[in-house]
Amino acid sequence: MIYPIEINNLHYKYEKDAREILNGANLKVAKGETVAIVGLSGSGKSTLIYNICGIIPHIYRGEAKGQVKIWGKDILDMKLSEISTKVGIVFQDPDTQLFSPTVEDEIAFGPENLCIAREQIGLRIKKVLETVNMEEYRLENPGNLSGGQKQLIAIASVLAMETEILLFDEILSQVDKEGRIKIREVIKGLKEEGKTIILIEHDLNNLQIADRVLQLKDGKLEEFKAGDIIGLHRT
Amino acid sequence: MNIDPRTKLIIVLCLSTLAIFIKDILFLSGILLITIMISLFFKVNILQVLREIKRLLYVLLAIAVIQSVFSTDGQVLIGLGKLTILTTVGVQKGLEFIIRIMIIISSATIITTSNSREIIQGLVQWRLPYEVAFMVSIGIRFLPILREEIKDSIVAIQLRGIEIKKTPLKKKLYIYSYLFTPILVSTIIKAQKLSMSVEMRGFRAYERRTSYMVLRMSYVDYLIIFFSFLCATTLAHLYIDQSVLTLSSLKRMSYFVYNSIRLRKFL
Ligand SMILES: Nc1ncnc2c1ncn2[C@@H]1O[C@H](COP(=O)(O)OP(=O)(O)O)[C@@H](O)[C@H]1O
Ligand SMILES: [Mg+2]
């Protein structure tokens with residue numbers, strides 16, 4: 001069977017770092033599944049999803065062993081630009097993901113890179129702004145929005161790439177309560193749309209959306225048991 | 001009315017070329033006046049621009065003094081015994097410099113009335129590679145991030161009970177050098193994060209890319225461009241004619257002096 005995401009015995013060590021951050025991690029995510037990954041801060045959750053979206057090894061070097069496959073194809077055999085048509089990633093910090101003077105330009109950036117026709121881009125902008133419920137901010141400067149709104153625009157910009165797989169790396173952690181509620185709704189909607197989602201989470205309240213919760217511990221992924229909540233917090 | 005960023009670029013190029021190439025203080029003042037009027041037309045906050053330039057007054061003073069000390073022309077305005085400190089030529093050179101800078105800065109702010117995406121698009125439609133234009137705009141976007149970073153670090157220092165304003169210069173320099181590395185590191189980390197999200201959105205996926213934004217020049221743009229060139233060349237001509245005039249009159253004058261000296265000898 002071909003999985004959207006398949007990781008086999010992944011080991012990873014950053015350059016000039018003695019520790020193996022990932023130490024034999026395995027993961028299979030089925031189509032349309034929402035998997036949450038929890039783990040202590042610094043346990044390597046971000047490192048793991050950088051391996052899925054190709055940031056490792058295409059941007060960060062380091063020592064990687066094992067295999068990461070997207071729809072059955074090894075990410076080593078794909079260029080970053082090819083991966084970017086299959087995997088979308090939203091990061092923790094809303095400020096370092098936005099760089100355009102208007103929301104519209106921000107969302108158009110990805111599809112423009114993929115040579116999508118102009119009218120199509122227009123349709124995509126309209127659609128993703130509806131998805132994140134930010135239609136009236138189309139011509140605003142993202143720099144003037146609140147943290148939660150910025151994060152919604154970051155999500156919209158990634159959605160405009162129309163990737164089947166979505167990775168969310170602690171996207172709620174720098175957002176106020178109101179923003180969290182809105183973003184959670186958006187994630188729920190995406191799940192219902194049938195997207196394959198990996199949700200990195202620090203906050204146990206946000207796990208209800210997930211079909212399955214895994215824990216990253218000692219560089220390996222294991223089933224998360226409710227007892228293992230040391231270091232995780234409720235808000 | 002929406003003026004094309006390319007039109008603004010042409011205006012700025014005309015004004016700053018004139019500013020660099022003209023050396024006559026009256027001409028320069030005239031061009032400054034024109035620049036200010038154009039900026040006002042584009043609704044630039046000219047007062048703020050002038051306020052920023054105010055900081056350059058020290059440079060004016062420095063240039064005036066340096067020019068006075070090292071050139072022998074002009075009348076001495078301030079002197080200490082045999083040492084000249086300020087001469088008329090020095091003051092003139094300093095003023096010329098400051099006016100030139102004022103023209104360049106206030107004309108450059110005309111471009112900022114377009115947003116960065118529009119400017120990139122303008123340059124791209126002028127066949128500048130997209131990557132280059134994009135890098136420049138990202139670089140500009142990073143300036144406020146850097147400023148914020150510096151501000152945060154200084155606040156952090158002050159929270160530890162150090163009053164930057166009251167510390168002596170030597171210690172102040174020490175504190176700043178101490179801040180340098182963390183500011184650099186966190187800025188690099190931010191740049192790295194930004195580049196990750198740029199890459200993950202397909203940057204440089206293909207040789208070409210499409211553009212949602214398309215700029216079209218209107219007849220108003222063409223009209224403005226035409227007038228800018230016309231005014232610029234006219235001004236340049238006037239200036240050249242005038243300097244040729246003064247040059248020939250100088251020649252005539254020196255000839256007259258020479259002749260009168262000869263005449264006196266003869267008598
Ligand atoms: N670029 C890097 N170079 C070296 N070490 C890194 C780098 N990025 C992260 N690390 C280290 O890898 C470990 C895991 O980081 P990360 O994957 O960000 O953890 P998490 O996302 O679970 O908080 C941390 O100890 C961190 O210090
Ligand atoms: Mg992380």
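Does B:LEU146 qualify as being out of contact with any strand residue (DSSP E or B) (no Cβ under 7 Å at 6 or more places or on another chain), of a type outside the set (Val, Ile, Thr) and assigned to a loop (DSSP other than H, G, I, E, B)? For B:LEU146, the condition - out of contact with any strand residue (DSSP E or B) (no Cβ under 7 Å at 6 or more places or on another chain), of a type outside the set (Val, Ile, Thr) and assigned to a loop (DSSP other than H, G, I, E, B) - is not met. The single condition among (1) surrounded by 12 or more Cβ atoms within 10 Å (Cβ to Cβ); (2) touching a residue at least 12 places away in the same chain (Cβ under 8 Å) that B:LYS43 does not meet is (1).
Considering the range A:55-97, and only residues there that are within 16 Å of ligand 1 (Cβ to nearest atom) and of a type in the set (Ser, Thr, Tyr), the residue that is nearest to A:GLY219 (Cα to Cα) turns out to be A:TYR60. State whether one or more residues within the range B:132-150 are without any contact (Cβ under 8 Å) to a residue 12 or more places away in the chain and more than 30 Å from B:ASN2 (Cα to Cα). Checking the range B:132-150: at least one residue is without any contact (Cβ under 8 Å) to a residue 12 or more places away in the chain and more than 30 Å from B:ASN2 (Cα to Cα). Selection over the range A:7-22 of residues that are part of a loop (DSSP other than H, G, I, E, B), among the aliphatic types (A, V, I, L, M) and within 14 Å of ligand 2 (Cβ to nearest atom) gives a count of 1. Among the residues making up the range B:12-54, a single one is more than 27 Å from B:LYS93 (Cβ to Cβ) and of a type in the set (Val, Ile, Thr): B:VAL44. Looking across the range A:103-135, the residues that are more than 10 Å from chain B (Cβ to nearest Cβ) and under 19 Å from the mean Cα position of the chain (by Cα) come down to A:VAL128, A:LEU129, A:THR131, A:VAL132. Listed by position, the strands (runs of 3 or more DSSP E) enclosed by the range A:23-102 that each have at least 1 residues that are within 14 Å of another protein chain (Cβ to nearest Cβ) and within 16 Å of ligand 2 (Cβ to nearest atom) are A:87-90. Scanning the range B:194-220 for residues that are in contact (Cβ under 8 Å) with a residue 24 or more places away in the chain, within 8 Å of chain A (Cβ to nearest Cβ) and over 25 Å from A:ILE59 (Cβ atoms) turns up B:SER211, B:MET213, B:VAL214. Considering B:ILE104, B:ILE175, B:ILE120, B:ILE110, the condition of being closer than 30 Å to A:SER100 by Cβ, open to solvent by less than 20 Å² (accessible area, probe 1.4 Å) and more than 11 Å from chain A (Cβ to nearest Cβ) is satisfied by B:ILE110 alone. The number of residues in the range A:172-182 being within 14 Å of the chain's Cα centre (by Cα) and either modelled with pLDDT of 95 or more or open to solvent by 20 Å² or more (accessible area, probe 1.4 Å) (or both) comes to 1. Right, B:ALA191: facing another protein chain (nearest Cβ under 9 Å), assigned to a loop (DSSP other than H, G, I, E, B) and not aromatic (Phe, Trp, Tyr) or not? Considered against the rule, which asks whether it is facing another protein chain (nearest Cβ under 9 Å), assigned to a loop (DSSP other than H, G, I, E, B) and not aromatic (Phe, Trp, Tyr), B:ALA191 comes out as no. Filtering the range A:152-176 to residues that are of a type in the set (A, V, I, L, M) and either assigned to a strand (DSSP E or B) or within 13 Å of another protein chain (Cβ to nearest Cβ) (or both) leaves A:ILE153, A:ALA154, A:ILE155, A:ALA156, A:VAL158, A:LEU159, A:ALA160, A:MET161, A:ILE165, A:LEU166, A:LEU167, A:ILE171. Of note, A:ILE121 does not satisfy the criterion of being over 20 Å from A:ASP95 (Cβ atoms), assigned to a loop (DSSP other than H, G, I, E, B) and open to solvent by less than 60 Å² (accessible area, probe 1.4 Å). When the range A:28-54 is filtered for residues that are without any contact (Cβ under 8 Å) to a residue 24 or more places away in the chain and either near ligand 1 (Cβ under 7 Å from one of its atoms) or of a type in the set (A, V, I, L, M, F, W, C) (or both), only A:GLY42 remains.
The values are calculated or read from the model by the stated rules, or taken from the named source; none is laboratory data. Owing to the predicted nature of the structure, the values given are computational and were not obtained by experimental measurement. Using ideal geometry, Cβ is built from the backbone for each residue, glycine included, and neighbour counts are taken over all protein chains shown. All accessible areas refer to the heavy atoms of the entire protein, side chains included, with ligands and DNA or RNA removed. Shrake-Rupley method; radii C 1.70, N 1.55, O 1.52, S 1.80 Å.
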